Ligand code: ZN
């Protein structure tokens with residue numbers, strides 16, 4: 001019997017969450033127990049809260065949510081050798097099998113047996129979370145606690161944005177949620193010429209401008225695509241975008257991306273477009289487009305690149321939002337649901 005702790009959990013197979021008291025997680029011989037200090041809400045958490053079709057299929061109940069977090073090592077298992085109590089850490093949220101072909105070839109982000117922290121096993125919206133040593137990432141001193149809590153989505157942004165060579169390229173980002181916004185300064189730093197971002201929400205687009213977007217375009221309404229074309233003209237883009245980063249999961253955004261890409265253009269797809277979405281396949285084929293699906297982060301190449309970008313001055317400050325106590329989780333989820341740009345964080349104080 002271990003000491004009880006607070007945890008934000010899905011307790012029944014329906015919408016909603018419950019703040020519970022449960023036992024501290026067990027620490028296996030290869031595990032690290034992390035005293036969680038700060039947490040952030042991901043779009044995935046919202047799906048689990050709402051209990052949509054995806055969640056009902058993918059998520060076991062009961063489950064403690066949360067995979068964006070940072071904390072301090074509280075305890076290590078007997079076989080752990082590289083991590084010590086007291087270190088500031090976060091964790092890669094995908095626990096991979098280590099045995100499949102991709103894992104053995106060093107392509108762990110393609111593991112077919114991935115288990116997600118806070119998705120298929122108990123996560124970090126709790127006082128403590130237990131994760132395998134392999135997944136633990138020691139936080140460099142130059143990264144503050146709030147930023148450290150969102151290294152997971154920053155990693156998504158880094159992985160997506162650096163998929164294709166951006167030096168001198170014109171880049172279109174569709175979707176100005178937290179990850180799309182993070183992609184703006186990353187693309188700039190990776191050498192892009194113009195970085196144009198689209199969304200339907202003016203307050204998000206304003207943040208995109210603060211983050212250095214060449215142009216932030218509201219593509220809402222019947223004239224939306226025309227406005228994007230006008231911006232391309234204004235910027236002297238005669239042939240189309242070279243690289244697209246799809247961060248919205250919205251079918252019209254993907255269509256407009258395929259339409260405005262130059263021949264030979266490349267698209268990295270992070271947004272989860274609904275199954276059955278139709279696209280203009282003749283454009284894909286005749287323009288010779290490359291479509292690359294993106295999942296998670298490269299382990300752990302993406303983590304090193306993200307840390308280095310932050311060290312060199314990458315500023316994602318405008319995306320870091322309000323902190324809520326975990327007891328106020330309903331208000332925090334409401335703020336995410338409202339389409340507010342800023343990332344909602346949890347802390348204990
Ligand atoms: Zn594997």
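Of the numbered criteria (1) surrounded by 23 or more Cβ atoms within 10 Å (Cβ to Cβ); (2) assigned by TED's automatic domain parsing to the domain that holds residue 233, the one residue 124 fails is (2). Answer yes or no: is there a residue in the stretch 264-281 that is surrounded by 19 or more Cβ atoms within 10 Å (Cβ to Cβ), free of Cβ contacts under 8 Å to residues at least 40 places away in the same chain and under 17 Å from the mean Cα position of the chain (by Cα). Within the stretch 264-281 (the criterion being surrounded by 19 or more Cβ atoms within 10 Å (Cβ to Cβ), free of Cβ contacts under 8 Å to residues at least 40 places away in the same chain and under 17 Å from the mean Cα position of the chain (by Cα)), the answer is yes, since at least one residue qualifies.
Name the residue, out of 344, 306, 332, that is more than 16 Å from the chain's Cα centre (by Cα) and either over 23 Å from residue 176 (Cα atoms) or surrounded by 21 or more Cβ atoms within 10 Å (Cβ to Cβ) (or both). Explain how you work it out, then say what you get.
On the way: 344 fails: more than 16 Å from the chain's Cα centre (by Cα); 306 fails: more than 16 Å from the chain's Cα centre (by Cα).
So the residue among 344, 306, 332 that is more than 16 Å from the chain's Cα centre (by Cα) and either over 23 Å from residue 176 (Cα atoms) or surrounded by 21 or more Cβ atoms within 10 Å (Cβ to Cβ) (or both) is 332.
Which ones in the stretch 249-263 are buried (at least 20 other Cβ atoms within 10 Å of the Cβ) and part of a strand (DSSP E or B)? Answer for the stretch 249-263, where residues must be buried (at least 20 other Cβ atoms within 10 Å of the Cβ) and part of a strand (DSSP E or B): just 261. When residue 145 is tested against (1) buried (at least 22 other Cβ atoms within 10 Å of the Cβ); (2) closer than 30 Å to residue 20 by Cα; (3) more than 16 Å from the ligand (Cβ to nearest atom), exactly one condition is not met: (1). Among residues that are free of Cβ contacts under 8 Å to residues at least 12 places away in the same chain and away from the ligand (no atom under 16 Å from the Cβ), residue 84 is included. When residue 169 is tested against the conditions (1) without any contact (Cβ under 8 Å) to a residue 60 or more places away in the chain; (2) more than 16 Å from the ligand (Cβ to nearest atom), the lone failure is (1).
Of everything in the stretch 223-248 that's part of a loop (DSSP other than H, G, I, E, B) and at pLDDT 95 or above, which residue is surrounded by the fewest Cβ atoms within 10 Å (Cβ to Cβ)? First the steps, then the outcome.
As a first pass, look at the stretch 223-248 and keep what is part of a loop (DSSP other than H, G, I, E, B): 223, 235-240, 247-248.
Cutting the leftovers down to at pLDDT 95 or above gives us 223, 235-237, 239-240, 247-248.
Details: 223: 12, 235: 14, 236: 8, 237: 19, 239: 12, 240: 17, 247: 30, 248: 24.
The residue in question is 236.
Which of the residues that make up the stretch 115-136 are more than 18 Å from the chain's Cα centre (by Cα) and either assigned to a helix (DSSP H, G or I) or away from the ligand (no atom under 16 Å from the Cβ) (or both)? Step through it out loud before you land on a result.
Quick first cut of the stretch 115-136, residues more than 18 Å from the chain's Cα centre (by Cα) only: 121-122, 126-134.
Answer for the stretch 115-136, where residues must be more than 18 Å from the chain's Cα centre (by Cα) and either assigned to a helix (DSSP H, G or I) or away from the ligand (no atom under 16 Å from the Cβ) (or both): 122, 126, 127, 128, 129, 130, 131, 133, 134.
Here 112, 108, 101 are screened, and the one residue that is at pLDDT 95 or above, buried (at least 16 other Cβ atoms within 10 Å of the Cβ) and within 16 Å of the ligand (Cβ to nearest atom) is 108.
The values are calculated or read from the model by the stated rules, or taken from the named source; none is laboratory data. This structure is a prediction, so every number in the text was calculated from the model and none was measured. Note that we place each Cβ from the backbone using ideal geometry, even for glycine, and neighbour counts take in every protein chain shown.
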